[in-house]
Protein chains: 2
Amino acid sequence: MIKEEIPKNRLVEFTQVLDVVESIVNQVRQNGDKAIIDLTKKFDSVELKDLSFSKDEIEQQASLLSDDLRRAVDVIYEQLKEFHLTLMPPEVGGGKSGVEFGIVWKPIETVGIYVPGGKQKYPSTLLMAGIPAKIAGVREIYFSTPQYDKLDPMMAYICQKLGIKQAYRIGGAQAIAAMAYGTESVHKVSKIVGPGNIYVQAAKYIVSREVGIDGIEGPTELVIIADDSADPRRVATDLLAQGEHGKSSLLVLISTSGRLISKVKELLSTDVNDFYIVEVKSVEEALKISDELSPEHLSLQVRSPRSTMKLVRNAGAITLGNTPPAMVDYGAGPDHILPTNGWSKFRGGITVLDFIKPISYTNLDNPTKELIDASIKIAKYEGFEIHGKSIGIRYE
Amino acid sequence: MIKEEIPKNRLVEFTQVLDVVESIVNQVRQNGDKAIIDLTKKFDSVELKDLSFSKDEIEQQASLLSDDLRRAVDVIYEQLKEFHLTLMPPEVGGGKSGVEFGIVWKPIETVGIYVPGGKQKYPSTLLMAGIPAKIAGVREIYFSTPQYDKLDPMMAYICQKLGIKQAYRIGGAQAIAAMAYGTESVHKVSKIVGPGNIYVQAAKYIVSREVGIDGIEGPTELVIIADDSADPRRVATDLLAQGEHGKSSLLVLISTSGRLISKVKELLSTDVNDFYIVEVKSVEEALKISDELSPEHLSLQVRSPRSTMKLVRNAGAITLGNTPPAMVDYGAGPDHILPTNGWSKFRGGITVLDFIKPISYTNLDNPTKELIDASIKIAKYEGFEIHGKSIGIRYE
C-alpha cells in the first residue's frame, strides 16, 4: 500500500516477549551449555552436539568459497577498513593551571558479535561488526550465528580474515545470554553487538545491566528526500531494495515534486511492502519530517545534497545525490549496523569508538594555588572534609 | 574492617527493586505530573506544587552564593571546560575506490541530567555532566534534583552558567521516567545522564529501551597501587576520603611493600568503611588484580607511574603518582561521572562523545568497477537482488 501518514511510534515492542526472554537468559545463565542444547531442541528441533565450530570445520567451509567471491570479500574488506581507520581517535592530552590531563584509548578486550539468519545468511554483517572491532584492537572477537549444521562458506572465510577467536552455532536469546555470562563452551565477553529479531534485542536489553551492547536494533528504515532533479526509476528501485529486508521495513519518500511522486508510484510494486509518500513545499520541510523520524538511512536525492546534509540533525547514514543507499549495506565504507526507531537522536552507527574506551589520566605537576583552593572549597561545600584534606596535605 | 579478599561481584543488584521501579515508571508515563506529585507525597511526604524551578527562583538562589564560592565555581568550570574541549573530535573524511566518505558529528538535541541528593548537595556533579554537554553543543539541557523547596545556591549559579533550559524539583525514578517520556511540566529528552541510588539506576535501565543513558552507576571505587616509594599518610587519607561517599564504597590498596601496608593500616579508621588490602610481589601482579576489578578510580602511587599507566587495561580515571584521586572528583579537569562495577571493561567516563553522535555520509563520485562488482556480488550472495539492481542501474 502507498500511504501518506508516516507511523509515529516505531519502538521495538519487545515488552510482550520480555518475560519469555528473561526466562531463557536465566536458564542459560544457570545451566550453561545444557540450557542452550535444550532450548535449541525446543525452539528449532535441532540436537546440537558441538556449540562451537572447530578450526577445521571453518577451514573446510572457507575452502568452498570461489576465488571470485573471495576476491569480492577482499575488496569490500579493504574498503570498510579504510573508512573505519579514519575514525580511530588520537590520544589527546593537554593541561591547565599546572595540571596535566588527557585520555588514553584502550580496546575492549573481549567482544561478541551476533549475526542473525537461519536460512538467510548475512556475511556482510559479520564484516560490518568485525572490521571496526579488529581495527580498534579487540584481542578476542567471538561470534555466534544460528547455523546449526555447517557455517556458510563466505562467513567462514570472513572468520579467518578477522581472526575470530571462536565461532558458535547458537541462535537467538540463548546466544546473547551465553556470551554475556559465559558457559562451559562459550567465552564470556564484555560487549555484545549486532542485529537480530525481537528475542535477540530483548536479550541484549536484559544483559545490558552487566555487559555493553551497541543498542537495540529494529527493522530497517529509509527516508529519501527528493526534488524534481531526482530520477524516479532510481528512487523507486532504492525504496524497493530497502523493502527486500521484509514487510516491517519503513520506506519513506518525501518530495517537493508532485511529478516525481506520480512517476515513482507507478514504478512501485506494493504486494509486499507499504510505502509512505509525502509531498512537501520545500526541502526544509522535508528535513523537519525526516529529523523527527530520525531515520536509519537518509538519501538526499536533491540538487544540492552537500548543503542539505549540513542541515540534517538526526540520521544514521546519509547518502548524497546519486549514491545508492544499498551501497552502504555493502561496500561503500560506512557501517550498516545503524540506529533505528529514532535512536539516531542519541547515537550513531557502529564505529571503532564502540570498541575502545577512553581512560582519563591526571597528573598534578605543579597545580596553581587558585585551583587547589577552589577544589577544596567545593569539596567542603559538599561536606566532603577528607576529600579536601587529601588534597590539602599535598599542597598546603 | 580491614580485609584481604576483594569482593568479586559488585553488580548493582537492582533486580529486587525492578518491579517497584517499573510500576513507578509506568505511572509517570501514564499519568504525568499527577503521578509525580502523588509519588513524591507517598515516598517523601512532600506536597509538590511546582515541578520546575522558575527563572526567578534560580536567580534569587544564585544571588545567595558568596563571591568567594562563585569564583571557586568559575575556576573549576574553566578547568573542566579545557579538559573536555581537548576531546571534541574533528569531522573526518576520506575516500577509496572512487567513493568519498566521512563522519559529521551532530549534538544530541535534548539531554536530561539527574543529580541525586536530598540533604546532601552535589553541585560538582552538575558541572561534570553539564560542561561536556554544553561543549558538545546540546541545545536544550534539562536538569532534575530532589530539592523540593529551594535550589541549592551553588547549583542555581551553575544552572545559570550552563544555560540550563529548565530545572526540576523531582527525585528518584520519577525524575528519570519524567525526562524519558515527558509530562505536562517536564520536557522529554533523548538522553539521560547522571548518578543516583538503585531506584534511579533501575529506572535508567528501564527507560534505556527508548532513550539513551550514560550507564548504570553504582557506589564509588578506588584502587591504589603503591610501592615502597609511596607516602603512607597520603595513601591512607586517599582511602578515607573515598570512603566519605558511604559504607558501600570499594576501597582497595594493592602494594608491593609490607612496610607501607603496616603504616597505612595504623592510619585507617575502620568504624565506617571496610578496606581491602592486598600485598603482592610486583606492580605487574597488582595491575592484574586491578584490571580484573576494573576500578572507577585507579591511583598509581609508584616510582614510575607513567610506564605503569601504559600497562593498565581497565579503569575509569587514573591519577599519577602524588596526584590525589580526590582532585578528579573536583577540579583537575577529567570527569567524575565514571564507570563502576567493572563497566570500565567496556566504557569510559563521561566525555563530549556522550553528547554527540557520528552520522556517516557516502558519496559515490566515480566508483571503481571492482568495488561496484564486489558489492553486487555480495548482495546477490545474500539474496538481495534488488539491492544489487539499485546499484547496477547507476553504474552498469
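Within region A:299-311, is even one residue part of a loop (DSSP other than H, G, I, E, B), within 7 Å of chain B (Cβ to nearest Cβ), open to solvent by 10 Å² or more (accessible area, probe 1.4 Å) and modelled with pLDDT of 95 or more? Looking for residues that are part of a loop (DSSP other than H, G, I, E, B), within 7 Å of chain B (Cβ to nearest Cβ), open to solvent by 10 Å² or more (accessible area, probe 1.4 Å) and modelled with pLDDT of 95 or more, one finds none in region A:299-311, hence no. Residue check: is A:Arg233 out of contact with any strand residue (DSSP E or B) (no Cβ under 8 Å at 6 or more places or on another chain), under 20 Å from B:Glu13 (Cβ atoms) and of a type outside the set (Gly, Ala, Ser)? For A:Arg233, the condition - out of contact with any strand residue (DSSP E or B) (no Cβ under 8 Å at 6 or more places or on another chain), under 20 Å from B:Glu13 (Cβ atoms) and of a type outside the set (Gly, Ala, Ser) - is not met.
Among the residues of region B:358-366, is there at least one that is in a loop (DSSP other than H, G, I, E, B), farther than 30 Å from A:Lys188 by Cβ and in contact with a Gly (Cβ under 7 Å, 6 or more places away or on another chain)? Yes, that holds for at least one residue.
Within region B:197-242, the set of residues being in contact (Cβ under 8 Å) with a residue 40 or more places away in the chain, of a type in the set (A, V, I, L, M, F, W, C) and in contact with a Lys or Arg (Cβ under 8 Å, 6 or more places away or on another chain) comprises B:Ile216, B:Ala241.
The residues of region A:385-396 that are open to solvent by 10 Å² or more (accessible area, probe 1.4 Å) and facing chain B (nearest Cβ under 7 Å), listed by number, are A:Ile386, A:Lys389, A:Ile393, A:Arg394.
For region B:158-170, a residue qualifies if it is surrounded by 24 or more Cβ atoms within 10 Å (Cβ to Cβ) and out of contact with any Ser or Thr (no Cβ under 7 Å at 6 or more places or on another chain), and the qualifying residues are B:Ile158, B:Cys159.
When B:Glu292 is tested against (1) open to solvent by 20 Å² or more (accessible area, probe 1.4 Å); (2) assigned to a helix (DSSP H, G or I); (3) in contact (Cβ under 8 Å) with a residue 40 or more places away in the chain; (4) over 30 Å from B:Val99 (Cα atoms), exactly one condition is not met: (3).
Here region B:69-88 is the region considered, the condition is being open to solvent by 30 Å² or more (accessible area, probe 1.4 Å) and at the interface with chain A (Cβ under 7 Å from one of its Cβ atoms), and the residue that is farthest from B:Met155 (Cα to Cα) is B:Thr86. Only residues that are within 7 Å of another protein chain (Cβ to nearest Cβ) and closer than 27 Å to B:Asn314 by Cα were counted across region A:354-378, and they come to 9.
Taken together, the criteria place A:Lys119 among residues that are more than 19 Å from A:Val211 (Cβ to Cβ) and open to solvent by 20 Å² or more (accessible area, probe 1.4 Å).
Within region A:92-102, none of the residues are more than 30 Å from B:Met327 (Cβ to Cβ) and open to solvent by 20 Å² or more (accessible area, probe 1.4 Å).
In region A:185-196, the residues that are farther than 21 Å from A:Pro123 by Cα reach residues that are among the β-branched types (Val, Ile, Thr) and open to solvent by 10 Å² or more (accessible area, probe 1.4 Å) with C-beta atoms within less than 7 angstrom, at least six apart or across chains, in these pairs: A:His187/A:Thr110; A:Val189/A:Thr110; A:Ser190/A:Thr110. Residues in region B:317-331 that are touching a helix residue (DSSP H, G or I) at 6+ places or on another chain (Cβ under 7 Å), facing another protein chain (nearest Cβ under 7 Å) and surrounded by 24 or more Cβ atoms within 10 Å (Cβ to Cβ): 9 in all. Figure legend. Inter-residue proximity from region A:365-381: first residues closer than 13 Å to B:Asp68 by Cα and open to solvent by 70 Å² or more (accessible area, probe 1.4 Å), second residues modelled with pLDDT under 95 and among the aliphatic types (A, V, I, L, M), beta-carbon distance below 8 Å, spacing 6+ or different chains. No pairs are indicated. Just to be sure before I move on: is A:Leu151 assigned by the TED database to the domain that holds A:Lys106 and open to solvent by less than 10 Å² (accessible area, probe 1.4 Å) in the structure I sent? Yes, satisfied.
A:Ser66 meets each of the listed conditions (1) farther than 30 Å from A:Asn363 by Cα; (2) polar (S, T, N, Q); (3) open to solvent by 20 Å² or more (accessible area, probe 1.4 Å); (4) in contact (Cβ under 8 Å) with a residue 40 or more places away in the chain apart from (4).
The values are calculated or read from the model by the stated rules, or taken from the named source; none is laboratory data. Fair warning: this is a prediction, and the values are worked out from it, not measured in the lab. We place every Cβ from the backbone using ideal geometry, glycine too, and count neighbours over all the protein chains shown. Surface areas here come from the heavy atoms of the whole protein model, side chains and all, with no ligands, DNA or RNA. Shrake-Rupley method; radii C 1.70, N 1.55, O 1.52, S 1.80 Å.
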